[in-house]
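Accompanying notes for the structure given below.
The values are calculated or read from the model by the stated rules, or taken from the named source; none is laboratory data. All of these numbers come straight from a predicted model, not from anything done at the bench. Cβ placement follows ideal geometry from the backbone for every residue including glycine, while neighbour counts extend to all protein chains displayed.
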């Protein structure tokens with residue numbers, strides 16, 4: 001018997017990317033899965049297009065953009081009663097045919113593996129599709145930094161590329177045992193960014209592990225929904241806002257003070273300087289400061 005997997009794909013004005021993702025899923029070799037597309041209030045005729053091209057796929061329409069967490073939670077609530085696993089998959093990805101089977105096989109080996117994630121390559125980096133973006137994530141608990149152990153050609157360090165526990169699995173592609181979702185779902189404090197970090201920390205507090213599976217492979221276009229200048233600014237604001245909310249939730253008050261100082265004195269100048277002088281984002285400082293203000297206000301309300 002193959003455990004049932006519900007694949008949830010959240011779409012927001014990403015018709016072309018979502019179609020490419022769905023086409024790649026047609027070649028998946030794992031025999032027991034279904035696909036659920038949740039549309040987050042798109043205005044680009046996405047739903048009409050999906051209904052015409054993918055008659056076998058269930059589609060849920062949200063009246064507005066509910067954000068990453070709640071948008072996916074809508075799909076989770078629909079899938080939870082009929083699946084053994086839920087797979088959250090970004091719409092701007094393309095998958096290897098074996099990716100799902102590899103994730104399920106590893107997860108089935110140990111009842112305490114609650115979350116599993118694949119090796120994530122850049123969809124394309126300077127013409128190269130063999131550059132790794134993520135092998136799972138690490139969190140720095142003394143400085144406002146989390147990072148993926150990627151950006152290398154895997155052939156150079158294949159001996160290190162093994163199944164291992166990580167601090168979090170990126171929300172880009174995350175396989176979750178349904179038994180966990182009966183108790184918690186994605187946190188809605190953030191709207192976008194940091195939900196995956198928060199969720200994985202909650203799962204590990206339940207004595208489950210988060211595991212990176214190198215034999216499962218996908219390719220990611222990286223922030224495909226946020227390429228316009230206005231949306232890039234929003235993404236930056238949410239990054240600063242949500243880092244404050246996240247660390248306040250999971251570290252002591254003393255350590256939180258250190259983290260906020262690091263955010264103001266080190267991370268803010270570095271990122272803003274890069275955005276202004278390299279990325280030509282002249283509004284970067286205002287976006288970051290607005291995000292920090294909102295983060296502090298959100299913390300004070302708790």
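Out of 83, 69, I need the residue that is in contact with a helix residue (DSSP H, G or I) (Cβ under 6 Å, 6 or more places away or on another chain), part of a loop (DSSP other than H, G, I, E, B) and buried (at least 19 other Cβ atoms within 10 Å of the Cβ). Which one?
Details: 69 fails: part of a loop (DSSP other than H, G, I, E, B).
83 is the lone residue from the list that is in contact with a helix residue (DSSP H, G or I) (Cβ under 6 Å, 6 or more places away or on another chain), part of a loop (DSSP other than H, G, I, E, B) and buried (at least 19 other Cβ atoms within 10 Å of the Cβ).
Could you grab the pairs with beta carbons closer than 9 Å, sequence gap of 6+ or different chains, first residue in the range 174-202 and more than 23 Å from residue 33 (Cβ to Cβ), second one in a strand (DSSP E or B)?
Here the result reads 194/146; 197/137; 197/139; 197/146; 197/168; 198/168; 201/139; 201/168, each pair linking the range 174-202 to a residue that is in a strand (DSSP E or B).
So residue 231 clears everything in (1) more than 27 Å from residue 173 (Cα to Cα); (2) part of a helix (DSSP H, G or I); (3) without any contact (Cβ under 8 Å) to a residue 12 or more places away in the chain except one condition, right? Which one?
Among (1) more than 27 Å from residue 173 (Cα to Cα); (2) part of a helix (DSSP H, G or I); (3) without any contact (Cβ under 8 Å) to a residue 12 or more places away in the chain, the lone unmet condition for residue 231 is (1).
Give me the pairs: first residue in the range 123-142 and on the phi > 0 side of the Ramachandran plot and surrounded by 18 or more Cβ atoms within 10 Å (Cβ to Cβ), second residue part of a loop (DSSP other than H, G, I, E, B) and at pLDDT below 90, beta-carbon distance under 8 Å, and six or more apart or on different chains, which are they?
Pairs found: 136/149.
Take the conditions assigned to a strand (DSSP E or B), in contact with a strand residue (DSSP E or B) (Cβ under 7 Å, 6 or more places away or on another chain), over 22 Å from residue 206 (Cβ atoms) and in the same structural domain as residue 199 (by TED's automatic domain parsing) and apply them to residue 119. Does it pass?
Values: assigned to a strand (DSSP E or B): yes; in contact with a strand residue (DSSP E or B) (Cβ under 7 Å, 6 or more places away or on another chain): yes; over 22 Å from residue 206 (Cβ atoms): yes; in the same structural domain as residue 199 (by TED's automatic domain parsing): yes.
Yes, satisfied.
Can you go through 52, 61, 56 and tell me which one is touching a helix residue (DSSP H, G or I) at 6+ places or on another chain (Cβ under 9 Å), over 18 Å from residue 90 (Cβ atoms) and without any contact (Cβ under 8 Å) to a residue 40 or more places away in the chain?
Numbers: 52 fails: touching a helix residue (DSSP H, G or I) at 6+ places or on another chain (Cβ under 9 Å); 56 fails: touching a helix residue (DSSP H, G or I) at 6+ places or on another chain (Cβ under 9 Å).
Step by step, each of 52, 61, 56 is checked, and only 61 is touching a helix residue (DSSP H, G or I) at 6+ places or on another chain (Cβ under 9 Å), over 18 Å from residue 90 (Cβ atoms) and without any contact (Cβ under 8 Å) to a residue 40 or more places away in the chain.
Out of all the residues in the range 22-43, which are touching a residue at least 60 places away in the same chain (Cβ under 8 Å) and in a loop (DSSP other than H, G, I, E, B)?
Quick first cut of the range 22-43, residues touching a residue at least 60 places away in the same chain (Cβ under 8 Å) only: 24-25, 27-30, 33.
Listed by number, the residues that qualify are 27, 28, 29, 30.
Go through (1) touching a residue at least 40 places away in the same chain (Cβ under 8 Å); (2) assigned to a helix (DSSP H, G or I); (3) touching a helix residue (DSSP H, G or I) at 6+ places or on another chain (Cβ under 9 Å) and name the single condition residue 210 misses.
Failed condition: (2).
Looking for whichever is more than 23 Å from residue 7 (Cβ to Cβ), surrounded by fewer than 16 Cβ atoms within 10 Å (Cβ to Cβ) and either touching a strand residue (DSSP E or B) at 6+ places or on another chain (Cβ under 7 Å) or in the same structural domain as residue 108 (by TED's automatic domain parsing) (or both) here; the options are 201, 254, 164. Which one fits?
Numbers: 201 fails: surrounded by fewer than 16 Cβ atoms within 10 Å (Cβ to Cβ); 254 fails: either touching a strand residue (DSSP E or B) at 6+ places or on another chain (Cβ under 7 Å) or in the same structural domain as residue 108 (by TED's automatic domain parsing) (or both).
One residue alone meets the criteria, 164.
Tell me which of these residue 55 doesn't satisfy, since it passes every other one: (1) over 20 Å from the mean Cα position of the chain (by Cα); (2) assigned to a strand (DSSP E or B).
(2)
Working carefully through the options 98, 70, find the one that is modelled with pLDDT of 95 or more and under 15 Å from the mean Cα position of the chain (by Cα). Please lay out each step first, then the result.
Values: 98 fails: under 15 Å from the mean Cα position of the chain (by Cα).
Of the residues listed, the single one that is modelled with pLDDT of 95 or more and under 15 Å from the mean Cα position of the chain (by Cα) is 70.
Test residue 300 against the criterion of being modelled with pLDDT of 95 or more and surrounded by fewer than 20 Cβ atoms within 10 Å (Cβ to Cβ), and give yes or no. Spell out how you get there, then give the answer.
Details: modelled with pLDDT of 95 or more: no; surrounded by fewer than 20 Cβ atoms within 10 Å (Cβ to Cβ): yes.
No, not satisfied.
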